[in-house]
Amino acid sequence: MLTRKFLIVAKHDFYLHDVLEAATKSQHKFLTGKTMDDLLSTIKHHPDIELIFFPHFSEIIPESVFSQFTCIGFHTGNLPLDKGGSPIQHQILNGAYSTKVSAIKIVQSIDAGPLYSQKDFDLSSGSISQILRGLSKIVTEMVFELISDLPDPRPQIGESSVHKRLTGADAKIELEKLSNRQIFDRIRMVDGLDYPKAFTEIGDVKLILSDAEFVGNRVSFRATIEE
């Protein structure tokens, strides 16, 4: 039996770890990378790679790569809605806690490729770090399902929306204008990887907000004075 070869490219180690851990029960070979240099070097030395998966990667995939290899990205949103940057945060801001993890064929336009599969995913609780760890488990399941049976991707159909990636300025919270649930969401959605933490200002004092909890319509959180 010939060994099939796959490449996983992700920004954060836990995506790679979860796939490699699941792969210990597989006879296939899984290569990994974290950067564009890793990607280009690996495909140069392994032209027989069957599929390339991108669970979380912030750089644009060159056409020279996705035209040569079948490249599959993962996007947390019910595509064609929720395209673009910070999809998890924008859905939380809108109170849209039930969403999809979408496996899509990578094409020239961002988040526009046809869909291989989708799985339900819940955004109603957890910090962004905890959400991404849960997302990694779902993505790992999807990777092995696609390896086992890769369907013909289906076009995205329906109303489309595109969001811009959040910036540091979006992390500012005006507590008096928000409900307790909204405060909880605004803190947790940037509490962890990739984003500056939420903050509020009282006079000249800047408070960094983290570790939010929401129980019985009551919100609690840690506030640290920035020096």
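Values as computed for the structure displayed
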| item | result |
| --- | --- |
| Residue selected from segment 1-28 under the condition part of a loop (DSSP other than H, G, I, E, B) and touching a residue at least 12 places away in the same chain (Cβ under 8 Å), by the criterion nearest to Thr70 (Cα to Cα) | Arg4 |
| The listed residue being at pLDDT below 95, surrounded by 13 or more Cβ atoms within 10 Å (Cβ to Cβ), among the aliphatic types (A, V, I, L, M) and not assigned by TED's automatic domain parsing to the domain that holds Asp194, out of Ile104, Ile110 | Ile110 |
| Residues of segment 10-63 that turn out to be loosely packed, with under 14 Cβ neighbours inside 10 Å, polar (S, T, N, Q) and at pLDDT 95 or above, as a count | 2 |
| Search result, residues across segment 162-172 that are surrounded by 13 or more Cβ atoms within 10 Å (Cβ to Cβ) and in contact with a Gly (Cβ under 8 Å, 6 or more places away or on another chain) | Val162, His163, Arg165, Leu166 |
| Output for segment 1-19, where each listed residue is in contact with a His (Cβ under 8 Å, 6 or more places away or on another chain) and closer than 17 Å to Asp48 by Cβ | Thr3, Arg4, Lys5, Phe6, Leu7 |
| Residues located in segment 38-68, provided they are in contact (Cβ under 8 Å) with a residue 40 or more places away in the chain and part of a loop (DSSP other than H, G, I, E, B) | His46, Asp48, Ile49, Glu50, Phe57, Ser58, Ile60, Ile61 |
| Neighbours by Cβ (under 7 Å, 6+ apart or cross-chain): first from segment 124-138, under 14 Å from Arg186 (Cβ atoms); second at pLDDT below 95 and not basic (Lys, Arg) | Ser127/Gly192; Ile128/Gly192; Ile128/Leu193; Ile128/Tyr195 |
| Hits in segment 183-219 - residues which are surrounded by fewer than 12 Cβ atoms within 10 Å (Cβ to Cβ) and not charged (D, E, K, R) | Ile202, Gly203, Val205, Val215, Gly216, Asn217 |
| Index of the failed condition, Leu146 passing every other in (1) touching a residue at least 12 places away in the same chain (Cβ under 8 Å); (2) outside the structural domain of Pro87 (by TED's automatic domain parsing) | (2) |
| Any hit, segment 81-93, residues being surrounded by 15 or more Cβ atoms within 10 Å (Cβ to Cβ), of a type in the set (A, V, I, L, M) and touching a Phe, Trp or Tyr at 6+ places or on another chain (Cβ under 6 Å) | no |
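The values are calculated or read from the model by the stated rules, or taken from the named source; none is laboratory data. Keep in mind that what you see is a predicted model, and the values were worked out from it rather than measured. So basically every Cβ, Gly included, is an ideal-geometry build from the backbone, and we count neighbours across all protein chains shown.
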